[in-house]
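Only one structure is covered here, and it is reproduced in the block below.
The values are calculated or read from the model by the stated rules, or taken from the named source; none is laboratory data. Note that the structure is a prediction, hence the values are computed from the model and not measured. FYI the Cβ positions are ideal-geometry reconstructions off the backbone, even for glycines, and counts take in every protein chain you see. Note: areas computed on protein heavy atoms with side chains; ligands, DNA, RNA excluded. Shrake-Rupley method; radii C 1.70, N 1.55, O 1.52, S 1.80 Å.
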Amino acid sequence: MSSRSPEGVWMFMGVNGVGKSTLASDVATAFPDALRLNGSAELRRLFGGVSREELERLDPAQKLGRRAAHFLELFRRATADHKLVLMDTHLLVPIRSDDSVRYENTWHDGYSAFVAGAFMLTADPRDISAWRALDQERTGRTRDLAAENIAIDQELNVAEFRTLIDREALPPNSQIIENGDGLLPYIGARVLSYLEAA
């Protein structure tokens, strides 16, 4: 294992409720000097503390343009002040209304200059549904619990993640990691080993 600390921005991606924030937080405890960022919290701060539902209703083009400019500046400042930045974020965000769904792609190719690697966390859609139900009960926030919707969202996210790797927008060391009930500590140790060897 390498003794040097990992550098750059490392992204933790996946659908809501898959465990990416928990995983990023767990990994961050091993790197006390790392900066930990939450993509959703940054967006709410950027757009004046709006709720997730209000954020979804904003004009997509304006929102994506402002998001990219904000994250590019954030990455510039963060990597100047910190060797390691750990960020959990979304890739494709489903916006559902009535019987229709559209997906907002949050990726911007300008991020490639800063991203040292990325992890797409996946899980059985039924597990994600159960984890979302627990979160909904705990927070009161309404979540989409339909396993079939989660399966489609996850499949599209994985496909887009692979596309980004194939066209070299994400580094080739980026990985898809399967989460399962009780596996997060093991996954955290695996990611930690991977970062330390990077």
ask   = Under a 5 Å amide H to amide H cut-off, with H placed in plane at 1.01 Å, what residues pair with residue 37 once short-range neighbours are removed?
value = 86, 87, 88
task = Go through segment 155-165 residue by residue and turn each phi into a ³J(HN,Hα) via Karplus (6.51, -1.76, 1.60, θ = phi - 60°); whole Hz please, and just put x for glycine and proline.
result = 4, 5, 5, 5, 4, 5, 4, 5, 4, 4, 5
query = Antiparallel as a % of all DSSP beta bridges within segment 6-137, to the nearest 5?
reply = 30
key: Förster radius 30 Å - calculated FRET efficiency between residue 152 and residue 73 (Cβ-Cβ, nearest 0.05)   = 0.35
query = Could you give the nm distance between label points at residue 112 and residue 96, where each point is 7 Å from its Cα heading toward the beta carbon?
reply = 3.3
Potential extension, residue 57-residue 33 segment - 0.36 nm per residue separation minus Cα distance = 5.0 nm
ask   = Along segment 132-139, what does the Karplus equation 6.51 cos²θ - 1.76 cosθ + 1.60 (θ = phi - 60°) give for ³J(HN,Hα), rounded to whole Hz, x for Gly and Pro?
value = 5, 4, 4, 5, 4, 5, 6, 9
Protein-only accessible surface order, largest first, of 83, 63 at 1.4 Å = 83, 63
query = Extension gain residue 196-residue 124, at 0.36 nm per residue separation less the Cα-Cα distance, in nm?
reply = 23.1 nm
note = Result for segment 111-160: accessible area per residue, probe 1.4 angstrom, in square angstrom, of 49
message = I need the calculated FRET efficiency for the pair residue 166 and residue 7, taking r as the beta carbon distance and R₀ as 22 Å, to the nearest 0.05.
response = 0.35
request  = Could you calculate the FRET efficiency of residue 141 with residue 44 from 1/(1 + (r/R0)^6), where r is the beta carbon distance between them and R0 is 22 Å, rounded to 0.05?
outcome  = 0.95
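Within 10 Å, count the other beta carbons around each residue, average over each peptide in 124-132, 96-104, 9-17, and list them highest first.
Details: 124-132: 18.8, 96-104: 10.6, 9-17: 25.2.
Highest-to-lowest ranking by the protection proxy: 9-17, 124-132, 96-104.
For residue 110, what charge total do you get from the other residues with a beta carbon under 15 Å from its beta carbon, if Lys and Arg give +1 and Asp and Glu give -1? Write out the running numbers ahead of the final one.
Numbers: positive: 66, 67, 76, 77, 167; negative: 73, 109, 168.
Residues close to residue 110 contribute a combined charge of +2.
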